[in-house]
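What follows draws every value from the coordinates through simple rules; no lab data is involved. As the structure is a computational prediction, the values presented were derived from the model and not from experiment. All Cβ positions, glycine included, derive from the backbone under ideal geometry; neighbour counts span all protein chains shown.
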Amino acid sequence: MTFDQALQAARERLAATSATAALDAEVLLLALSGKSRAWLYGFGDTELDSTLAARFDEWIERRAAGEPVAYLLGMREFFGLPLEVSPVTLIPRPDTELLVEQALALASAEPAKALDLGTGSGAIALAFASQRPDWQVIGSDRVAEAVALAQRNAERLGLGNTRWLHSRWFDHRELAPHSFALILSNPPYIAEHDRHLEQGDVRFEPRSALVAGSDGLDDIREIIVASPDYLVPGGWLLLEHGYDQASAVRQLMERQGFARVASARDLGGHERVTFGQQATAPGTH
Ligand code: GLN
């Protein structure tokens, strides 16, 4: 069997279960063979050796059963950074780049400290740290394997302005009160009975990174209530949330005393990131 024939068969095998069958097949075969897309177009009539054919077949079967391409590859690009990913964390999504862009827009010119809560693979913290090398960025996660994964990503990318803590939200004692100019999070925000959980990649992602109570707002509420104690005066809290949660999140932030509360839209036109500023000086609320 040639590369072209293997791809053709894989596309047909994936057609019923993946909306991106042709792309999936090509990306997986290129990763396994170490060939480039250009090579494939020129030399697609080359025979596949049997070891490669068997490994490709195994990946295509797993993909046909729904396993995300990112978990098969063990990597995903985010904000231009190649990141190791694994089933212990959420797969970084293009939507989340909006959170990073808003954080960069709100970050003061002077270097300061940022905190990414529930950092998972480290995607948000690393993207921010790569753009603001003069800032100190802490990523925290309550899953120890996620902390180790984020740390490996930081080391491989050479982003020395990052630190990683094993912590449930703000629980770690090294997180000093009133020390962060930015607090960022893409927390779990899906309601526990949402049918979306039975579709696509999310079926294979950790529930603990996705689900937050009956309305999906449990973790967001907790972060909004606790954040004022950890922000410097004038610091910002930025949260990613679901497409229909923006007004609820704005209300929660306003009730907590945040100023200049607003939301930003993703490329699909949905309000997906909400932010607010800590206006009160420490100790006055
Ligand atoms: N955006 C993800 C999804 O809808 C959910 C991410 C999250 O809960 N933080 O699949």
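Quick one: which residues, 5 or more positions from Ile190 or on another chain, have an amide H under 5 Å from its amide H? H modelled 1.01 Å from N in the peptide plane, none for Pro or chain starts.
Result for Ile190 returns Val211, Ala212.
Give me the distance between the Cα centres of segment 9-77 and segment 93-123, rounded to whole Å.
With segment 9-77 and segment 93-123 each reduced to a Cα centre, they are spaced 33 Å.
Could you calculate, for segment 18-152, the ratio of the Cα radius of gyration to the Kirkwood radius, expressed as Rg to Rh?
Dividing the radius of gyration by the Kirkwood radius yields 1.08.
Sorted by average packing, counted as other Cβ atoms within 10 angstrom per residue and highest first, what order do 38-47, 264-273 take?
Result, highest mean Cβ count within 10 Å first: 264-273, 38-47.
Cα centroids of segment 246-262 and segment 176-224: how far apart, whole angstrom?
17 Å
Using only Cα atoms, what is the ratio of the radius of gyration of segment 102-198 to 2.2 N^0.38 Å?
1.11
Take Ala53, project a point 7 Å from its Cα along the Cβ direction, then tell me which residues of segment 1-20 have their backbone nitrogen under 19 Å from it.
It comes to 1-14, nothing else.
Work the Kirkwood hydrodynamic radius out for segment 137-285: mean of 1/r over every pair of different alpha-carbon atoms, inverted, in Å.
On the way: mean 1/r = 0.0608 Å⁻¹.
Evaluated on segment 137-285, it is 16.4 Å.
Lys/Arg Cβ at +1, Asp/Glu Cβ at -1, dipole of the chain taken about the Cα centre: which of Thr20, Val147, Gln199 is farthest positive-ward?
It is Val147, whose Cα lies furthest towards the positive end.
For Gly235, what residues show an amide H to amide H distance below 5 Å, using hydrogens built from the backbone and excluding near sequence neighbours?
Close amide H contacts, sequence-distant or interchain: Gln278.
If you add up the charges near Ser185, with Lys and Arg at +1 and Asp and Glu at -1, over every other residue whose beta carbon is less than 10 angstrom from its beta carbon, what do you get? Before the final figure, lay out the partial values.
Working: positive: none; negative: Asp116, Asp219, Glu240.
Spelling it out: positives minus negatives among the neighbours equals -3.
For segment 25-92, restrict the atom set to alpha-carbon positions and state the Rg and Dmax in Å.
Looking at segment 25-92, its Cα Rg and Dmax stand at 13.3, 38 Å.
Can you work out ³J(HN,Hα) from phi for every residue in segment 68-85, in order, using Karplus 6.51 cos²θ - 1.76 cosθ + 1.60 and θ = phi - 60°, giving whole Hz and x for Gly and Pro?
x, 4, 4, 6, 5, 6, x, 8, 7, 8, 9, 6, x, 9, x, 10, 6, 10
For the chain, restrict the atom set to alpha-carbon positions and state the Rg and Dmax in Å.
My reading of the Cα-based Rg and Dmax gives 21.0, 73 Å.
Determine ³J(HN,Hα), in whole Hz, for all residues of segment 205-213 in sequence, where each value follows from phi through the Karplus function 6.51 cos²θ - 1.76 cosθ + 1.60 and θ = phi - 60°; x replaces Gly and Pro.
8, x, 3, 5, 8, 10, 9, 9, x
Amide H neighbours of Met75 under 5 Å, at least 5 residues apart or on other chains, H built in the peptide plane: list them.
Amide H to amide H, under 5 Å and 5 or more residues apart or across chains, Met75 pairs with Val85.
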